[in-house]
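Here's the structure we're looking at; comments come further down.
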Amino acid sequence: MAVRDASDDPLAGLSADELLRVLGHEIGNLVTIVSGYGQMLRDHWEFLPDDRRLDIVGRMNRQVDQLRVLIDNFQHLRWLTGPNKDLQALGPTTDIGNLLEALADDLVPLADDHPLEIAVEADLPRVVADRASVQHVLMNLVVNATKFSPADAPIDIAVRHDGDAVSISVTDHGVGIPPDQRDRIFEKFVRLQDGGVGVGLGLFICRALVEAMGGHIRADEGADGGARMSFTLPVAK
């Protein structure tokens, strides 16, 4: 998995208005794809076998999921440029196991045709976390994993106690990320090549959200190869 150089990226240093134009362009691309599939169904419905119809509908749903994540990224980018970026001063603490169980139904569609395997360690301590931020981070990590995994390969989510934190990892079974690029992928406008739609903000925003909750995020290699993205959330005192 190769990484594009941020210093050569034409998006670097764009103003807010210019970024909005980029967003409009990316949304337009996705809408064009969905519209094309819709037209195919409309014009050829009676000639298409049932399995082909289901395949096209599935492709449309995947594009809508990509659109959802893309818009969510830009909404979080606006928050990151605001005056209050500290999520550690949250109210109630969170049972991360229950949170993952509640989020599973939202993550499964994003995993597309990849089985989503979730392993949660028993008796985890409560953590300091913002539900919406955890959901957004996991959405981005799962979508990235699907882009670089072979067809039907599982995506593994593991949650375990790690000292004074709880660690959550998302592992794919793709080609992995070169060791010298694993820190850079969390920089603004750095994109994994052949990653489809996106402007290089997803992992940057993930890092900012995790750090705002008092945690850390990193990339390394999974036990069987592929990329493993892990982030921590601090245990509640």
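Can you find, within region 166-183, the residue that is farthest from LYS237 (Cα to Cα) among those that are crowded, with 19+ Cβ neighbours inside 10 Å and of a type in the set (A, V, I, L, M)?
ILE177
Evaluate the following for VAL159: is it among the hydrophobic types (A, V, I, L, M, F, W, C) and either under 18 Å from GLU211 (Cβ atoms) or out of contact with any helix residue (DSSP H, G or I) (no Cβ under 7 Å at 6 or more places or on another chain) (or both)? Break it down stepwise before answering.
Numbers: among the hydrophobic types (A, V, I, L, M, F, W, C): yes; either under 18 Å from GLU211 (Cβ atoms) or out of contact with any helix residue (DSSP H, G or I) (no Cβ under 7 Å at 6 or more places or on another chain) (or both): no.
No.
Answer with yes or no whether ALA153 is outside any helix (DSSP H, G or I), in contact (Cβ under 8 Å) with a residue 24 or more places away in the chain and either surrounded by 20 or more Cβ atoms within 10 Å (Cβ to Cβ) or not basic (Lys, Arg) (or both). I'd like the intermediate steps shown before the answer.
Details: outside any helix (DSSP H, G or I): yes; in contact (Cβ under 8 Å) with a residue 24 or more places away in the chain: yes; either surrounded by 20 or more Cβ atoms within 10 Å (Cβ to Cβ) or not basic (Lys, Arg) (or both): yes.
Answer is yes for this residue.
With respect to PRO234, is the statement that it is assigned to a loop (DSSP other than H, G, I, E, B), surrounded by fewer than 20 Cβ atoms within 10 Å (Cβ to Cβ) and either hydrophobic (A, V, I, L, M, F, W, C) or on the phi < 0 side of the Ramachandran plot (or both) true? Working first, answer last.
Numbers: assigned to a loop (DSSP other than H, G, I, E, B): no; surrounded by fewer than 20 Cβ atoms within 10 Å (Cβ to Cβ): yes; either hydrophobic (A, V, I, L, M, F, W, C) or on the phi < 0 side of the Ramachandran plot (or both): yes.
No; evaluated as a whole, the condition is false for this residue.
With ARG191, ARG126, ARG160 as the choices, which residue is of a type in the set (D, E, K, R) and at pLDDT below 90? If you could, list the steps in order and put the result at the bottom.
Working: ARG126 fails: at pLDDT below 90; ARG160 fails: at pLDDT below 90.
So the residue among ARG191, ARG126, ARG160 that is of a type in the set (D, E, K, R) and at pLDDT below 90 is ARG191.
Which condition number does VAL31 fail, the rest of (1) over 22 Å from VAL108 (Cα atoms); (2) more than 21 Å from the chain's Cα centre (by Cα) being met?
The number of the failed condition is (2).
Taking region 107-127 on its own, how many of its residues are among the β-branched types (Val, Ile, Thr) and buried (at least 21 other Cβ atoms within 10 Å of the Cβ)?
Kept after step one, since they are among the β-branched types (Val, Ile, Thr), are these residues of region 107-127: 108, 118, 120, 127.
Keeping just the survivors that are buried (at least 21 other Cβ atoms within 10 Å of the Cβ) gives 127.
Total satisfying the criteria: 1.
The values are calculated or read from the model by the stated rules, or taken from the named source; none is laboratory data. All values reported here derive from a predicted model rather than from experimental measurement. Cβ coordinates were reconstructed from backbone atoms using ideal geometry, including for glycine residues, and neighbour counts include every protein chain displayed.
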